[in-house]
Each structure stands twice: as C-alpha cells, then as structure tokens.
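The block underneath contains the structure these notes are about, expressed in structure tokens.
The values are calculated or read from the model by the stated rules, or taken from the named source; none is laboratory data. Predicted, not measured: the structure shown is a model, and the values here were computed from it. We place every Cβ from the backbone using ideal geometry, glycine too, and count neighbours over all the protein chains shown. Remember, those area values only see protein heavy atoms, side chains included, never the ligands or the DNA or RNA. Shrake-Rupley method; radii C 1.70, N 1.55, O 1.52, S 1.80 Å.
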Amino acid sequence: MERPDNDEAWTLERLRDAVVPPSGLRTCSGPALHGLLAAAVEAVGPGPFGTPARSPTFLFAFAAVLEELALGSVSAPTLVEAAERLGTAGGRLSHLARLVDDATARIIRARVELAASRWVAASSVLARGWPASLPGRRVELTAAPPFPPAVVGFLAALARTASSTGRSLVVHVPLTGDASLDAALEPLLQALEAGPDLPGVELLPELFEAPLSEAVRRLAGAAPGSLPTEALRAVVAPGSRREAAALVDALRRALDEGASLDRCAFALVAPDDAADLERALEDAAIPVGRRLPVPLTTTAAGRIGILWAGLTARGAPAEELAWLLKQRLLPALRVERRLDPLPLLRRAGVRDGALGSENGSSAYQVRLAAFAARRREVGAAPDADDADRLLQAATTLLSLAERIPRRGRLADLLEAWRAGLDAAGFWTALEQEPFEADPRARRATAREAAAVEVWRAFVRDARAGWKAARSSGPEMDRAAFGRWLADAAGKLVVEAPPAVTTGVDLLPLESLDGRPLDFLGVSSLDAASFPRRAPPSLLGDEERQAIHGVLGRAALPAWVGSGDARSPLAEAVDRWRLGRALASSARVVITRRRSAGGAPADLVQRLLAVTGTQERDVSSRPIPLLAEAPGPAWARLRLALEASVAPDLRSAPPDPVAAAALDEVSGATWLEDARALASIEAERLQTGAGLRPPGAYSGLLGSDEVRAGVDARLGGSPEGPLSSTSLTALANCPFQGLSRKVLGLEPPDDGAEELDARGRGQFLHEALEHLVKRLLAQGLTGTDPATLPEDLVPTAIATAAREHARCAPTGHPRLWALAQARARSTLERLLRSGKLYPFAGLRPAAAEERFGPDLELPAALPGERPVYFRGTLDRVDRGEAGTGVLDYKSSKRRDRARAEVLVTDFQLPLYLLALRARGERPPFQAGWLSLRTLEYLPLDPDRTGPLESFLATDAATRASSTAPNLATAIHSLLTEPRQGLFPVRPRECGFCPLGSVCRVSERRAPQGGEG
Ligand code: SF4
C-alpha cells in the first residue's frame, strides 16, 4: 500500500492497513458477503426472524451486526451466554448467536474476512512492538468519529507502543467545542485521557476559527441573539427546486465576493436534493467538482432491472410494459419513437396481461388483436398496423421476461434475469450508441453506463458469494425474486465519476473532508430530516445490555455521550459532522422546505437563536426575484413573468430590479416569445368570457384561403350537408364545432372494462333499431305486446351486439354480457309495457330512415345562404291521425333536450322539417323517448309555437313574426362560423367529448381582466 511520509497526515484506515501484515484473505462485503450470510440463514433457519430473514434487508442488518460484533470483539459464545441471562426474552439473541456462529465458520472456510476484523488484528500487532511498516519517528493523524471499541483500542495500542518505543504520535481531534455536538468523540477522549500520561503522545483538540465557530462553541450557553453574524443565512423554500435556487444564488454571491470555487461545497442530508442542485448549478454555469453517488433505483438502468424481475409476477402491468418498450437500454425490444405504447394500450383496453386473457392467450394478444381488427373495420389501417407492431414487441418482451422460472433457486433466478436482459441488449446497449455531443446528455449516459456496471458487479459478487458458500441460495417464486432484487437494489448506489474540473463539491454530509471552506450550503435541515436516524438493528437495547453484562464492558454501544448530550450514536455523529462543518466555514447557507413541515433541525434552531438570525421565508415566492435568480433560466422566468402578468393576477408587488432590467433585454427572442404567449393566453381568456371578439388565437381563422377551406369543410352545401350533431357542437361551443366538424377530431376509445354512458346509449339505440325493424318486417307493430314472440328482443340484442363489437370496444367479456342483459331487460319492458308506441293512433312505419342531403333551408333574408342537411330519423310512426317522429335519448343530458330546443338541440325540429319535405301526412307530432326512464316527452309547444311559423322558411313569415323559427335560429348560428369565427365560448364543457384534451375548457378571465 501507499505509505505517507513521516510528516504526512495519516488516516486511521491507512494506518491500520499498514500495521496488519497481509493475511492473504480478501475482504468481503456487499452481495458476496450476503451470499455467505444467506447460506447461514438457510442452514440454521430463519427462526424468530421469520420469512424476512431471507430478504436482502435482513442480510444488510445481519452484516451490520457482524461488523459491530467484530468492532466490539464479541463472539458467538458471548451472545449465547447473554441470551441465557435474558431467559425467555433471549430467543432472538440465541438464534442470532447460531446464525453468527454459522456465518463466521463460512467466512473462514471461504478464506475471506470482514474489514472490521482488521482493527483487532492491528491492535495485536502493535501490542508486540512498533511495526517496521510504520514510519520511524513520528506519526500524525486526524481522528474522526464514529469510534467503536476496536478503533479506540487500536488508537490506544498505537499510543502505548509509540510512547514505549520513544516515538511521537500526534492525534488531531476536530472539536466543535459544544458538549452535545462533541458527544460522538467521547469514547476516544475518555480512552486517551483517562489512562496514565504517555510521553510523546499528543492529543490536539482542533477548534476552528471561522465566523460561526464561537456561536457553535457556545450553542448551549450564549444568550439569544448575543452572537450576531453576517456569515449565516437561513432560508425556508416552497420546494426542492426553489431551495436549490436559493442555495446556488448564495453561492454565486459568495463567488462574487471572492470565495474560491475549490473551497465551496454543498453538503446534502438527503441524496434526492442533488438533482435540483445540479440543474441550478448548470444553469448558473458554475462547474461541479465531486458529485454525490445516486441510488441505483433512480436510474433508468436500475428501474429496468427491477421491473424486469417482477414484471411477469405482477401480471405485466401495461404502464410497466409500455415504459420498458421505450427504453434505449433495451434496444432489441424498443419500439420506434413515433409509437407511444401506453396510449395505444389504453385505447385497446389493455390493463395488464391477465385482465381479458382468453384460452391461454394473454390480454395483450387478445385485446391488441381485437383493437387492430376494429380499427381495420372502420378503415383506420395505421392504428391497426401500430397495434400489430406493438403486439409483436410486447410478445417478445414477455417471452424474454418469462424466462425467469416460476420457481427456483435464487442463483438460477438471477441468472435467468441476467440472460433475459442480455437477450434484450441491456448489458451492451450503450456501447453501440454514438458519442453524445451535449455535455448533459453525455453525463446522463455515463451515469446509466455506470448503473449498468453496478448491476453487473452485483451479479458477479452475488455469484461469488454463493459459490463461496457452495449454495445456490434459497428457493423462491418469481414474485419473491422480484421483491428480493428490488430490496437488494435499494441499497446499491452508482458512484459519480471523478471530478475532471475544479468546481463546487456536492457531497453527502459524511463525505465533507473537514477542510475549512469559503462557502458551505446545506439543504433539508428540518427536524424530520436531521439528524438522520440509523437503520433498525437486529440487536435491541436489552440484548446489548445483556452482552455488556457478560463482558463487563460496553462492547456494542448504540448510544453515546452523557447527561443531556446523550443520544443515539448515528445521530450524535451527524450532529458533530454538521457542527464541525458550520464552525469551519466562512459563509453558511442553510435551507429547509416549507413542504417538509415542522421546524428547523434542533441544532439549527439553537444556532439561529444564538446568532439572532431570522429564517427568510420565500415559500410564497416560487420564482425568485431577479436579483436572487441564480442563473439565466430563473432570470428569464422572472423577467417573462414581470413582462406579461396581468396586474390583477399579481400575488406580489412588482420586482423593481426586473422592471428596470426589462428595458435592457427588450427585443430578446425569448422575452418576445413569453410576451406573445402571455397575450395569447389573455386573448383566449377574454374571448371565452365574451369580453372581446375572437382574435387569431381565440377562434378567428386566418386568410381568405383558409376560411374558404374551412367553409367547405364546415358544410351546409348539397355536397357536404350539415347534421344536427354539428349544429349542436357549434351551438354549445364554436371551438368544439370547429374541432369536430371541421378538423374531424374524435374522442379516442378509452378502452374501459365497461361501456361508458355513450357506448351504452349507442348499443341500446342500435338494439332498438333492430327490434323495430323486426317488428316491421314481421308485421307485428299492431299486435298486442303481451302476445309478441319471445325471441324478438333476444334476437335484436344479439344482432346489435355482434355489429357493435365489430366497430367499438366492448370491454371485459363478463361486463359486456351484463350490458347486453341490461339492454335486453330495458327493451323487454319497453316492448311489453306498450311504451314503445307513444303516439295515440299511430304505429311504427319506418326506422332509421335517412333524409337529405337535399333537405334545404333556403336563404330568405339578406346575408343568408341556403343550408342543406342530412340525417337519420330514428323512427317514423304513421296512422290516420297523422305522422309522428321519435328521437331515442339515452343520456341524462338528453333529458334536458326539451329545454334546449333551438339553443343547442336541433334534432327534432330538423326531423319535422324532413317530414314536411317528404310530404308526410299532417298533423305532425314529435318527441323524445327516454331509454333511461322509458317516458315519452313531446316537443314543448311553448318553445316552438305553431309548427307553421316554427318551420316557416319564407322571408315574409320569418320577418313578420317574433315566434321561434328554425330557419332564423340556424342561419344566425352559422353567421359567425361562416366568417371564420370559432371562439372558445362554451355553454357547457361537462359533456364535451373533447374535454379530456381541450386545455382551454371553461376558464374565465378574472373580474377586471379586461386590461
Ligand atoms: S371542452 Fe369546453 S371549451 Fe373545450 S371545446 Fe369542449 S366545450 Fe369548448
């Protein structure tokens, strides 16, 4: 190993490794060690720990206990004795002793060792004299907690041997000066100060001289506000992004004031904060030096590995499968970029591989194939082709993922997992990719490549562990394997590549190396996040006490310090680390999130009190003021906001700096873009609220050429007649009319398990059409309903069901069967109750009769153009008493049609116009038959007046009367669209089929938003 010169500072670990002679044993940790420990659990049994004893989480805890035992020089027989002392409460400890005994034997047999066991070996060497491997006269080192017994013992042995052999040993001990923060150092200080004086051995307390060091030193005793300082800033932010912005802004100011970049650092308590900080630093063009490792599970490679392991056991959920099919790390499976799998799976109604599967075919096969057939039936071949391609990709993916056996030994399951990913191209995917020019993309790729390597090392080490244990691991099923792998991956991290440039360090708190800093930023310092709690141990307090009782010493301390300063070891170490970092930095910014709730961390609370520093709460300002913007992105955001926000929408006073700066950047493309977007939004809101006529972004169509094209598509001519549905859409919201009639937008299939209200209505309507046609064909319309043949309704339902399934999704077969049964019962009631014939003296004469395209509403008044219609009469009834026309309604909204005649409902009026044009026998009757209530609702004469004037199309009648008139209503409705005006002006969005995609919807300009 590398040996520092005499005068160079040593670390404890390097010193230890220099003392212990090479054992020829490899140190063993991580997945390799877990293989040995898992074999011990298999051999001894899980005992009182139960099934979780086979999980990686347990193995991590088991490995931690082994390390603690090695650091405390505690053997398995000691555990047995302690367990006996605990009596009936010692069951867990007794079983743990057996596990420890077996695991230790396996570690020895495998010719490996724990790193922790080297401390005791090093102490033994030192007890025999000064090793030749150490420098001759003087050793100087810095000691930092934690100080478990073996480390303290090693330092004590080093001190004794140095002193007895006439050498000098200098141990620097970085103190904060506050007893509660320095509690973590107590084991070392007690050990070295309690014994006799050792000539040549110096224990040098290291107290920093920095602006905050006195405040930290006197945290416990100083009066509130007695130690004011400019060096400390505390911020409360609304979220992690804003927190990062505040930290980077503070760093930028520190750099402006002369801080040296290589003496600046961010210490992170929560690794999740790193991403936002990295982004903010990049935006501010501040280079990053060392970076935080990231959890494997946050990388795409990590997620792929975990999803792959459990995919088939979870039934292959559509979201997971769709995500996997888009991954660049699975090049053999990846679908083309244009094809987005999840929306297509949703349209096809695929939830997972199980729901809707039939006769051994997965739901992917059944539903995607059915979807493709339906789309081909209606002429949508591209959709059908996409579905075919997606089915092929999904089938390949599932066949690879299913290579993981349903049940097997862990080693075999892991190998099948690895091999499946191999076939998908996972392990070598990034090797095939071209070099990325963009630095950010390059860094992301490097991170994914490192994550793939972490998986590769995991597989290699796990295999090594099982090989050493001569075991293939426990037997488990696919689901347990998926959980096992996810659990194991949860503990793996992807190390960041070494820094290639000088930059601000972004490190976990524990990795700060103790050097004095010009600037320190620490995030997430709230009471819930700091100090961090240690993961639960397999050894409880009572069991530790029993072990201490047997040994007569505190071999496994979980707590440290005394009196008020006593606290759990891990928390004490965290407090010391933060205290030391604060006390050694020239400027400090600490932040926490309002969303984290609660108060600042205890240490921070005391520091704020002593220094009288107020937290600056920016949680009501999600976008920083211009002067506080850490980089161009935030600055642009603030300037764009200042330049465009309507005065009435402001929640804070104008930013004077931004107002001044706006002149400087006027004309910048991004600012003009922002202003344009804002004015578009304002225009839409105001038009929607009727405060201004439509403009270019709120429904006014552009050039004459466009308008001519739109007019042709809008229809109303004999070649392109209008329908009542188009009129309804235009009347409800001209933008809806434009979208549906002119642009031809249709709501996508939602692939639900059950027919929605629209689908149910359509199906019932189709079935009723078949029923009436059969009645007509068999001459049964005059027959007493009670004597009609039994098979009439079932046959109509079966025919309608067959036709409906050819063109529309029908959902789950059982729910589809239920929908048919419900429709059957509705039609039976309608038929047998006689309510199918609502017009007195009239009987059905025709069903689904088409009219148009020559049904004309002539131009009669100035500015009008003839309008032509087409449509289908649901039903025409005839008799001596005249002619009736019926419209079947199935939705609740349709029940309101009566009140909406000539407002948004034009169907029955157009039916009447069609009857008149066909020369049907008057008088006419018209009404709705509700398929929900089976009630008949006649057209309201109060809303139509006499039919003669209602249906009049001549100028004289129309001009002379104020009574409701169909022609006047339709000509007036079409005036705006024919001028190219389609404003977003909804009467009601609730039933609009575009609701799920229309982002304008029913938003309104705020009161006073006219400006
Ligand atoms: S959702 Fe509302 S605003 Fe949008 S098109 Fe439909 S009715 Fe108009």
Assuming LEU507 fulfils every condition listed in (1) among the aliphatic types (A, V, I, L, M); (2) open to solvent by 50 Å² or more (accessible area, probe 1.4 Å); (3) out of contact with any helix residue (DSSP H, G or I) (no Cβ under 7 Å at 6 or more places or on another chain); (4) touching a residue at least 40 places away in the same chain (Cβ under 8 Å) apart from one, which condition is it? (2)
For the range 18-38, pairs from a residue that is closer than 27 Å to SER124 by Cα and assigned to a helix (DSSP H, G or I) to a residue that is open to solvent by less than 50 Å² (accessible area, probe 1.4 Å) and modelled with pLDDT under 85, with Cβ under 7 Å and 6 or more apart or across chains, are ALA18/SER133; ALA18/LEU134; VAL19/SER133; VAL19/LEU134
Would you pick out the residues in the range 295-322 that are farther than 16 Å from ASP477 by Cα and free of Cβ contacts under 8 Å to residues at least 60 places away in the same chain? THR298, ARG303, PRO317, ALA318, GLU319, GLU320, ALA322
Residue satisfying condition, being in a helix (DSSP H, G or I) and in contact (Cβ under 8 Å) with a residue 40 or more places away in the chain, within set LEU836, LEU815: LEU815
Per-region count, the range 319-333, residues over 22 Å from VAL350 (Cα atoms) and either outside any loop (DSSP other than H, G, I, E, B) or open to solvent by 30 Å² or more (accessible area, probe 1.4 Å) (or both): 3
Exactly one of GLU948, GLU988 is within 16 Å of the ligand (Cβ to nearest atom), on the phi < 0 side of the Ramachandran plot and of a type outside the set (Phe, Trp, Tyr), and that one is GLU988
Output for the range 791-845, where each listed residue is open to solvent by less than 40 Å² (accessible area, probe 1.4 Å) and at positive phi: GLY811, GLY834
Where the second residue is at pLDDT below 90 and open to solvent by 20 Å² or more (accessible area, probe 1.4 Å) and the first is under 18 Å from GLY995 (Cβ atoms) and among the aliphatic types (A, V, I, L, M) and lies in the range 712-740, which pairs have Cβ atoms under 6 Å and are six or more apart or on separate chains? ALA729/ARG740
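Can you tell which of ALA348, ALA394 is more than 20 Å from ARG478 (Cβ to Cβ) and either β-branched (Val, Ile, Thr) or touching a residue at least 24 places away in the same chain (Cβ under 8 Å) (or both)? Steps first, answer last, please.
Numbers: ALA394 fails: more than 20 Å from ARG478 (Cβ to Cβ).
Checking each option against the conditions leaves just ALA348.
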Of the conditions (1) surrounded by 15 or more Cβ atoms within 10 Å (Cβ to Cβ); (2) without any contact (Cβ under 8 Å) to a residue 12 or more places away in the chain, GLY552 fails just one. Which one is it? (1)
One residue is enough: does the range 741-752 have a residue meeting the conditions in contact with a helix residue (DSSP H, G or I) (Cβ under 6 Å, 6 or more places away or on another chain), outside any loop (DSSP other than H, G, I, E, B), under 26 Å from VAL984 (Cα atoms) and open to solvent by 20 Å² or more (accessible area, probe 1.4 Å)? yes
From the option list PRO734, PRO654, PRO721, PRO693, single residue qualifying as more than 16 Å from the ligand (Cβ to nearest atom) and crowded, with 20+ Cβ neighbours inside 10 Å is PRO721
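Can you tell me how many residues in the range 158-199 are in a strand (DSSP E or B) and not hydrophobic (A, V, I, L, M, F, W, C)? Explain how you work it out, then say what you get.
Initial filter on the range 158-199 (in a strand (DSSP E or B)): 168-175.
In the following step, the residues that additionally are not hydrophobic (A, V, I, L, M, F, W, C) were identified as 168, 172, 174.
Residues meeting the conditions: 3.
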With criteria (1) outside any loop (DSSP other than H, G, I, E, B); (2) in contact with a helix residue (DSSP H, G or I) (Cβ under 6 Å, 6 or more places away or on another chain); (3) over 30 Å from ARG760 (Cβ atoms), PRO964 comes up short on (1)
Of these, ALA959, ALA969, which one is out of contact with any strand residue (DSSP E or B) (no Cβ under 7 Å at 6 or more places or on another chain), within 30 Å of LEU685 (Cα to Cα), more than 16 Å from the ligand (Cβ to nearest atom) and part of a helix (DSSP H, G or I)? ALA969
